[in-house]
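These notes are about the structure you will find just below.
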Amino acid sequence: MLTVLLECHDQEPELAQTLSVLVAGAIEGLVCDVVVLDHGSRDGTSRVADAAGCRFHQQWDIKDVLRSARGEWLLFVEPGARPQSGWIDEIAEYVSLNKTPARFTASRGYRRPFFRRIGRSTPPLELGYLVPKKQAIAAARNGMRLAEFVKGQKLRKLSSELIPSWVARAAR
């Protein structure tokens, strides 16, 4: 079972896009819990999270959030990111056979323009972060953002692709 965590700030449309893809994972029994950590959004982010049945926090202690996660594995993604076909079966197999963190493969259909890739590092959660719950709890520190969990990690790459969140933001 998998808990998905997202950090938001005024990202209502992006959150809705990600949650719409996660529905299939919930129907298949993989996604058991979705947690939205909000940084003072003034749009409809809380309404979208509530309508989708997510746990919504405006103030939180990251350790408490991680401990309360229902899944034994956690998936951190940016609002607007959308896993592509095959992700459910691949993650289900991966978590049953592995104990190390992983990330998705970048979508071949959505690449940043060449000049936007030069000299810029990829945001830490652009390709998601799949991690065992115990490992995330051990790494958690007060005030930590989800992206900080990825720093310095050597991650395995899943074959499933992820459309990054910047695609949803660019479509606004």
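Full extension of the segment from Arg141 to Arg70, taken as 0.36 nm per residue of separation minus the current Cα-Cα distance, would add 23.6 nm. DSSP beta bridges confined to the chain are antiparallel in about 30 percent of cases. Mean separation of Cα pairs under 8 Å and 6 or more residues apart, divided by the residue count, gives the stretch 2-170 a relative contact order of 30 percent. Under the rule a/c < 1.5 gives rounded, and otherwise a/b versus b/c splits prolate from oblate, where does the stretch 16-64 land using the Cα gyration tensor? It is oblate, given that a/c is not under 1.5 and a/b is not larger than b/c. Here the convex hull built on the C-alpha positions of the stretch 115-172 has a volume of 138 cubic angstrom per residue.
Simple spin-label estimate for Glu28 and Met1 gives 1.8 nm between the two label positions (7 Å along the Cα-to-Cβ direction from each Cα).
Per-residue ellipticity at 222 nm computed for the chain from its helices equals -9000 deg cm²/dmol, with DSSP H segments shorter than 4 residues left out and the rest contributing -39,500 (n - 2.57). Between Trp60 and Arg156, the distance separating the two model label sites (each 7 Å from Cα on the Cα→Cβ line) works out to 2.6 nm.
Counting only the Cα atoms, the chain fills a convex hull of 117 Å³ per residue.
Quick note: the coordinates plus some simple rules give every number you see, no bench work behind them. All figures in this text were calculated on a predicted structure; none of them were measured in a lab. Virtual Cβ from ideal backbone geometry, glycine too; neighbours counted across all protein chains shown.
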